[in-house]
Amino acid sequence: HILGTLDDKIELNRRMNRTLEQLAQALFKHMFIDNPEMEKWEEIEIRELASVTTGVRPINRNNEKVGVFQIPLFGGGGIMAYTDTSLFTTPILLTGRVGTLGLVFRIPYPCWASDNTLIMQPINPVNYEYLYYCVRLIDFNSLNRGSTQPLIAQSDIQKEKVLLPPFVLVEQFHDMVSSFHNLENSIYEENATLAELRDTLLPKLMSGEVRVEL
């Protein structure tokens, strides 16, 4: 019953995060995709909104989050290990450069990005949320230059076109959606704590080290 309750809460939190993400996507579509004014907006390249760089291979890494290894190391498919220091401390967007293509990660916390990734850092922080949803619309398969394995050039991402809405609209979107994502991050952290508690309790309950009165 105790373990089941923890699992139920974790699943409820996951559903809440999915709902928050759906709300953010619907808001983006309403404000920028279905906006009748969009035909008047200027088309610019991503490099005018953000710097685009490649990640770096970490000096130290560990497959588990233990001891000094607390900083997530991201590859094109997500967290692949942990390091003892951060490469980025301000919010970034990350996507795969070699191997895994097409996934876009919004990372607002300290992290390390591996050398098989591309990093986007908004020049103006207010563009962060808007840029995230724009980048997710990119057809990454059409940018693939690889022959033996998938590969995207840094310059191709820099030259990708996006619309430039009025600043006040982007600012409104940032204020609303960042509150959604802040709540998502809190829920994600709560789930990590609950999962750790569940995994710690399970062997103790099975061995009888911890007893529960029914």
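The values are calculated or read from the model by the stated rules, or taken from the named source; none is laboratory data. Keep in mind that what you see is a predicted model, and the values were worked out from it rather than measured. Cβ: placed from backbone, ideal geometry, glycine included. Neighbour counts: every protein chain shown. Side chains included, ligands, DNA and RNA excluded: accessible areas come from the protein's heavy atoms. Shrake-Rupley method; radii C 1.70, N 1.55, O 1.52, S 1.80 Å.
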Just going by the charge dipole of the stretch 1-113, with Lys and Arg at +1 and Asp and Glu at -1 on Cβ, which of Gly67, Leu87, His1 is farthest out on the positive end?
Gly67
For the chain, what is the accessible area per residue in Å², given a 1.4 Å probe and the full set of protein chains?
58 Å²
Ala50 long-range amide H proximity, modeled H, under 5 Å:
Ile123
First measure r as the distance between the Cβ atoms of Glu171 and Ser142, then evaluate 1/(1 + (r/R0)^6) with R0 = 41 Å and state the FRET efficiency to the nearest 0.05.
0.85
Accessible-area composition of the chain, carbon plus sulfur, in percent [1.4 Å probe]
53 percent
Among [x] 31, 19, 16; [y] 36, 23, 14; [z] 36, 19, 15, which one is semi-axes √(5λ) of the Cα gyration tensor in Å computed from these coordinates?
[y]
Considering only protein heavy atoms, what is the solvent-accessible area of Val56 at a probe of 1.4 Å, reported in Å² to the nearest 10?
70 Å²
Expected max-MSF residue from Ser178, Ser142, Ser86 in the GNM of the chain (alpha carbon, under 10 Å) is Ser142
Show His30, His1 ordered by accessible area, largest first, where the area counts protein heavy atoms only and the probe is 1.4 Å.
His1, His30
What list of ³J(HN,Hα) values in whole Hz, one per residue of the stretch 90-95 in order, does the Karplus curve 6.51 cos²θ - 1.76 cosθ + 1.60 (θ = phi - 60°) give from phi, with Gly and Pro shown as x?
10, x, 9, 10, 9, 9
Can you run phi through the Karplus equation (6.51, -1.76, 1.60; θ = phi - 60°) for the stretch 58-69 and list ³J(HN,Hα) in whole Hz, with x for Gly and Pro?
x, 6, 10, 8, 8, 5, 10, 8, 9, x, 7, 8
In sequence order, calculated HN-Hα J values of the stretch 41-46 (Karplus, 6.51, -1.76, 1.60; Hz; x Gly/Pro):
7, 6, 9, 10, 8, 4
